Structure formats: structure tokens, C-alpha cells
Amino acid sequence: MTSSLLQNHQLRWPTDWADIFGREAPLIIEIGFGSGHFLVDLAQKRPSANVLGVEISLPALDKAQRKVRTLGLNNVRLLQSDARYLLQALCSPEAVAEVYINFPDPWPKAKQLHRRLINVDFLHLLATRMVPNGRLDVATDHADYALAITEALESTPYFQSRLPTTFVTEDTERLRTKYEQIGLDEGRTCHYYKFARVETAVPQSYPIPKEFPMPHAVLQSPLGLDAIEAEYGRFQYSYDDCHINFMELFRAKDDDSLFVETYIKEEPVAQRLGLVIRQREPGNYVISLHELGFPRPTRGVQLAIGQLAIWLVSLNDETKILHHNLLPEALSTNLSEVH
Ligand SMILES: C[S@@+](CC[C@H](N)C(=O)[O-])C[C@H]1O[C@@H](n2cnc3c(N)ncnc32)[C@H](O)[C@@H]1O
């Protein structure tokens, strides 16, 4: 039996799910499966479907993996990922047949509201990845989140209720989840939503992110590594919706390289990776992406390498970029520096 746990870095943008499951079958996704009971029950009840569980919690993934193994289920795969990333980067338009979201984290405090998964934007993204008439089931025991979900589902043009009402407060058909049981035991009312994607086309506003050839920039500079290291301080840049945070700089002993720990956020991708400034020979440097952690060479990485090159050039009049394979905007000096 192949492992049910998928390695994120091995998945293509977008992923061929039939290839991953070894067969063509409708793809069902459970987002935030927690204990994994509902997920394995779904896989058992629907042997002719490919069932994908996505979670951010490692202990939850571990527990679910053990359940899948014990039950010998071969139609389940598990992925550690944020649901938005899974949908936008790994799923092609109309790749998903059904989606279950059981008791999503309610983020009840005012300053946490933006963290809630379900809103009109998310529903639009979801609709772009779902087949026409594809089913979306959501449940929550949080009264305030229920209000927000009701409002989002009633205002989105891309989903409609399969029930005569927007929600029901009882559903004896479903397997109870852990958080559902906690909510009921504590006397809360659960809201169950059973929707379907509309049949009409959905505007494809969420492009699949792109990977570029491995980026590099070659520079000449009279500065030595010691001088570059001494000049370095943390800095941040923003360009469009891409935020780059140059963090710690490390230098390995007896090494001819500097390693700049960098965080790059560009919806729906967030990467913490290493950029390397390597001295190939005195006066000649190449800046590239370190392979540690299997980073994706995105547009944000191009921008980061370009900005690191510009920073080096700013240190010294004789420092120049000799050649590079970066996008033109990567070397723009108009990026806004954040202090
Ligand atoms: C309140 S628990 C509910 C667990 C389970 N569905 C249940 O009903 O018992 C919410 C789960 O969603 C996961 N989660 C939160 N945000 C997520 C995201 N953006 N993508 C994937 N999983 C997420 C959390 O790690 C957590 O396990």
C-alpha cells in the first residue's frame, strides 16, 4: 500500500489528481479534517471516489494517517497545506467534485476575523475549482460564524442551497465529528449548510501560480564577503501583492557563501527559503536560490533575488550586475521598502 501522506513539494501546480490516486475518479476534499473520523468514514462510504484530506495540523495528519493505514484504505490521500493554497495552486478549474468543511476554526475575536476561512472571496475561489453542481457541505457550531457563513453563501452568485432553506440545525444523517459533539455537549446549536456550485460558468479570477526557470544574477564587485556581511541588515520589500522579508544572514565557516534567510508571501504561496550570495572567484558573485526545503522558483523569488542584487549594487559604485535571467520588474528600483 502506498503512503497516504503526500509530499507537498512533489506536487505540481496544478496537480494531476488522477495520477496521484492512480485512477480517474471524482475528487472529494475535506478541509480541516481534525481527528480524521469523518474523512475515513467518507472514504469507506464512497469507495469509487478519490478522497483528499487537507489539514494544517501535523498531529491531526499523523492520527489520520494511522487510521487510513489500519483500515487499509487506498482511496484517501492526506496533505499538510492551507486549504486556499491547495485549491488555487494544486487544483485545476473544475477538478473538484465535492467539498466538506466541518466546524472550521471560528476565530471569534474582532482582530482575528480576517483569519476565518469562509467568506465571499473564498467561495469564489472554491467555485472556480469545483465542477458545475458540485456539492459543498459546511457545518459550524459557532453562532457568529454561522451568521457570517449564511451571509456569504446567500450573497455569492456561485453557490445555491440544495435545501429549501439556507441551513438546517439538525442533520442526523451525517457522522458526528469531534467538534460537533463538543458543540452539542456544550449546548450550542449547529448550523448545517448543503450547497451546490451553480451550473453557469464562474469567472476564473484565481490563476494557478507559475514557476519560472531557476533564477540567478551574476555580479562583479570589489567588495569581499566580510564587507558584504558587515553591511547587511534586515530589510523588507513589497511589490503588487508580493511581500519579501530579508531576515537573518548566515555565513558558513570556511565557506565562500552568504545565506540570506528570506520569507516571501505572494497569495496563495508563502515560502521561507534561502538565497545564496556565492563568491565564484574574487570580484565575481552569483545570487541564486538554495535548494534547501525544495522552494518553488516563483515570481516572488525572482523579485527577491533582483532586490538583493540591487542592494549589493547600492553598496559600492563599482558593483555591477553582469547578467541575469530575471523578470524586468525584479530589478525595478520602484519597489517600496518597508521599514
Ligand atoms: C475546529 S477544528 C474541526 C476539526 C474537525 N473537522 C471536526 O469537526 O472535528 C478545525 C480544523 O481545521 C484545521 N484548519 C484550520 N485552518 C485550516 C486551513 N486554512 N486549511 C486546512 N485546515 C485548516 C485546523 O488545524 C483544525 O484541525
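The values are calculated or read from the model by the stated rules, or taken from the named source; none is laboratory data. Since the model is a prediction, treat every value here as computed from it, not as a measurement. So basically every Cβ, Gly included, is an ideal-geometry build from the backbone, and we count neighbours across all protein chains shown.
At a glance:
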item: Enumeration of residues in the range 110-119 that are of a type in the set (A, V, I, L, M, F, W, C) and more than 12 Å from the ligand (Cβ to nearest atom); result: Ala110, Leu113
item: Residue in the range 99-109 that is within 9 Å of the ligand (Cβ to nearest atom), at pLDDT 95 or above and more than 23 Å from Glu180 (Cα to Cα) present; result: no
item: Lone unmet requirement of (1) near the ligand (Cβ under 9 Å from one of its atoms); (2) in contact with a strand residue (DSSP E or B) (Cβ under 7 Å, 6 or more places away or on another chain) for Val96; result: (1)
item: Unmet requirement for Asn133, which otherwise passes all of (1) exposed (fewer than 13 other Cβ atoms within 10 Å of the Cβ); (2) more than 26 Å from the chain's Cα centre (by Cα); (3) assigned to a strand (DSSP E or B); result: (2)
item: Subset of the range 152-185 [within 16 Å of the ligand (Cβ to nearest atom) and free of Cβ contacts under 8 Å to residues at least 12 places away in the same chain]; result: Glu173, Arg176, Gln181, Asp185
item: Count of the range 34-52 residues which are within 21 Å of the chain's Cα centre (by Cα) and of a type in the set (Asp, Glu); result: 0
item: Residue list for the range 230-245, restricted to those being within 33 Å of the chain's Cα centre (by Cα) and either closer than 14 Å to Leu315 by Cβ or exposed (fewer than 14 other Cβ atoms within 10 Å of the Cβ) (or both); result: Tyr232, Gly233, Arg234, Phe235, Asp240, Asp241
item: Residues of the range 46-91 that turn out to be more than 10 Å from the ligand (Cβ to nearest atom), β-branched (Val, Ile, Thr) and free of Cβ contacts under 8 Å to residues at least 60 places away in the same chain, as a count; result: 2
item: The range 252-270 - residue that is under 19 Å from the mean Cα position of the chain (by Cα) and surrounded by fewer than 19 Cβ atoms within 10 Å (Cβ to Cβ) and, of those, farthest from Leu223 (Cα to Cα); result: Glu267
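The rows are residues; the columns are (1) in contact (Cβ under 8 Å) with a residue 60 or more places away in the chain; (2) within 12 Å of Val99 (Cβ to Cβ); (3) out of contact with any strand residue (DSSP E or B) (no Cβ under 9 Å at 6 or more places or on another chain); (4) of a type outside the set (A, V, I, L, M, F, W, C).
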position: Lys109; (1), (2), (3), (4): no, no, yes, yes
position: Arg115; (1), (2), (3), (4): no, no, yes, yes
position: Val120; (1), (2), (3), (4): no, no, yes, no
position: Leu123; (1), (2), (3), (4): no, yes, no, no
position: Ala127; (1), (2), (3), (4): yes, yes, no, no
position: Val131; (1), (2), (3), (4): yes, yes, no, no
position: Gly134; (1), (2), (3), (4): yes, yes, no, yes
position: His142; (1), (2), (3), (4): no, no, no, yes
position: Tyr145; (1), (2), (3), (4): no, no, no, yes
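For (1) at negative phi; (2) not aliphatic (A, V, I, L, M); (3) not in a strand (DSSP E or B), each residue gets a yes or a no:
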site	(1), (2), (3)
Arg188	yes, yes, yes
Phe195	yes, yes, no
Pro209	yes, yes, yes
Met214	yes, no, yes
Pro222	yes, yes, yes
Tyr237	yes, yes, no
Phe250	yes, yes, no
